[in-house]
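The values are calculated or read from the model by the stated rules, or taken from the named source; none is laboratory data. Please read these numbers as outputs of a predicted model, since none were measured by experiment. Ideal geometry is used to build each Cβ from the backbone, glycine not excepted, and the neighbour counts take in all protein chains shown.
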Amino acid sequence: MALDFSTTPRIVLRPGAVADLPAILRDVHARHALLVTDPGLVKAGLIEPAVAALRAAGIAVTVYDQVQADPPVRIVVAAADAARQALVDAVIGFGGGSAMDTAKLVAYLVRSPCDLETIYGVELAQGARLPLILVPTTAGTGSEVTPISIVTTDNDEKRGVVSRRLLPDVALLDPDTTLGLPAGVTAATGIDAMVHAIEAYTSRHKKNPISDVLARQALALLSQNLPVVLDRPGDRAARGAMLLGSCLAGMAFANAPVAAVHALAYPLGGRYHVSHGLSNSLMLVPVLNFNASAAAPLYGELAAIVGAVAGSTDGFIAKITDLVAGSGVPRRLREVGVTQDSLDLLAEDAMRQTRLLVNNPVEVTLADARRLYGSVF
């Protein structure tokens, strides 16, 4: 047996954990932090208490709040420019996956300036970075424990930088930051995290015992608590369980990489700006059925975790289908603005995601990708 497992060295989970930011920044001798976030969180009032606490502790803060979903390269470059101009010595990513992915790259680019084109791929970013703290406000991406940052290029293609240099120093998981999430975002991000767990458990490459344990526990937490937080949005215990599940799933897929669900989801984000969680939600069930011929034994191992009969592949897929259907997320591509005449182009885009497709239990051809999109159009 051989494995090489990496994750974030310090993870804090508890209500009010954001209050630890000043102490954490003092630990890394930071005097001026760039806080990377999006306009929605500023408007919701989530950012100001953290900024005020940092400033009260004598730590200067520059807020970059222009992050967009599926962050375009120009946003990452602009955020890095803002960090350099402000002479910051630490970076905080505060938000969903887009804010955290942007913060990771900013922390790297400020210390190791380069053209992003030169570090797309696996372990090509080998330079130093600024101290980095990530605060997720959705229970979905697991970006706080992954060495991955996904950006959107000028031609609407999703590209990834994968490097252990992008793992943060500290991940702060505070259930209070997720209490105000709209139901649609809660559902889509929760399903996204379940995709991470399932694809890590069934990954054809680098599947390992540590990721397996994490994926199973993540799927248990997520599948049990997603209906709860949708029914009772203010349930702090369930919100904390969702954050933990998302984090564990992130650890799992960071080391046993995701596959065809993500490969098919990325073009939906790049071409139509469908959120990452919703893109994964749309493609999850079709890919589960497509992979069943090879992944049946593994699906059977996961069945009891989601409440199906132990060992039942069909029961596992049925339970996941019910969870997706019960979450209220859109179920058809046409519902999110995708046009039928673009399905061929989406399939071509998906086939470029070779980094992901190689991990799928079943080989995916161009014709397969086209059929999978068509099945949920």
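Please work out if residue 16 is exposed (fewer than 13 other Cβ atoms within 10 Å of the Cβ), more than 20 Å from the chain's Cα centre (by Cα) and touching a residue at least 12 places away in the same chain (Cβ under 8 Å).
yes
Do you know which of the residues in the range 108-128 that are touching a strand residue (DSSP E or B) at 6+ places or on another chain (Cβ under 8 Å) and without any contact (Cβ under 8 Å) to a residue 40 or more places away in the chain is surrounded by the most Cβ atoms within 10 Å (Cβ to Cβ)?
110
Can you tell me how many residues within the range 323-371 are closer than 23 Å to residue 303 by Cα and surrounded by 14 or more Cβ atoms within 10 Å (Cβ to Cβ)?
Matching residues across the range 323-371 total 9.
Can you tell me which residue is surrounded by the fewest Cβ atoms within 10 Å (Cβ to Cβ) among those in the range 19-42 that are closer than 16 Å to residue 82 by Cβ and out of contact with any Pro (no Cβ under 9 Å at 6 or more places or on another chain)?
Across the range 19-42, the extreme among qualifying residues is 39.
Out of the residues in the range 149-169 that are assigned to a helix (DSSP H, G or I) and out of contact with any Leu (no Cβ under 9 Å at 6 or more places or on another chain), which is surrounded by the most Cβ atoms within 10 Å (Cβ to Cβ)?
Checking each candidate, the answer is 165.
Quick one: residue 197 ticks every box in (1) in contact (Cβ under 8 Å) with a residue 60 or more places away in the chain; (2) assigned by TED's automatic domain parsing to the domain that holds residue 299; (3) of a type in the set (A, V, I, L, M) bar one, so which box is it?
Status for residue 197: all satisfied but (1).
Is it the case that the range 280-299 has a residue that's crowded, with 24+ Cβ neighbours inside 10 Å, touching an Asp or Glu at 6+ places or on another chain (Cβ under 8 Å) and either assigned by TED's automatic domain parsing to the domain that holds residue 215 or aliphatic (A, V, I, L, M) (or both)?
Looking through the range 280-299, at least one residue is crowded, with 24+ Cβ neighbours inside 10 Å, touching an Asp or Glu at 6+ places or on another chain (Cβ under 8 Å) and either assigned by TED's automatic domain parsing to the domain that holds residue 215 or aliphatic (A, V, I, L, M) (or both).
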